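Below is one structure, written out as structure tokens; the observations come after it.
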Amino acid sequence: MTVKSLISEYTNIFTTLLKVLVLLVLCTILGAIVVYPLYKAATEFPAAYTLIVAGVFITLFLIHVFLKARSKGLFQSLMTFFRIAIVAGGLYLCIILVLGGNRLLAALIIPVILVLYGISLGISKSRAHK
């Protein structure tokens, strides 16, 4: 190995390390530029921040649903939404019942969720075969 190739290898190593360090510094600076105003808004105006974040989330969710409906078809998209609503609503109801002290009723909701989910899958599959 010649001295020139050795210097070249070390130059490559240090150049790579420098690039990683610069990238790390840039990510830290850009992260602070993005996060600090969000933190400030969340602590000073929590109600407005919540509404804005919820609005952005709902808008993105509706765009996602619309795009999926175009690709999968309206019926399949509605069935997917219905299944998500069954599971999320059922789990929410279970949590509310458990926190309210009605553990037995919450335990009875779980099979209902599974049955409704199965029915929605059956409807979806029978419709797909027609």
Protection-proxy order for peptides 108-117, 3-12, each taking the mean of Cβ atoms within 10 Å per residue, highest first:
108-117, 3-12
Per-residue ellipticity at 222 nm for the chain, helices alone: DSSP H runs ≥ 4 residues times -39500 (n - 2.57), over residue total, nearest 500 deg cm²/dmol?
-33500 deg cm²/dmol
Of 124, 66, 98, which is farthest towards the positive pole of the chain's charge dipole, taken about the Cα centre with +1 and -1 on the beta-carbons of Lys, Arg and Asp, Glu respectively?
124
Determine by what factor the alpha-carbon radius of gyration of the chain differs from 2.2 N^0.38 Å, reporting the quotient.
1.89
Which one of 19, 40, 68 has the biggest mean-square fluctuation once the chain is modelled by GNM with Cα springs under 10 Å?
19
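Coordinate-derived values only; no laboratory data. Everything numeric here is computed off the predicted structure, so don't read it as measured data. Every residue, glycine as well, gets a Cβ built from its backbone with ideal geometry; the counts of neighbours run over all protein chains shown.
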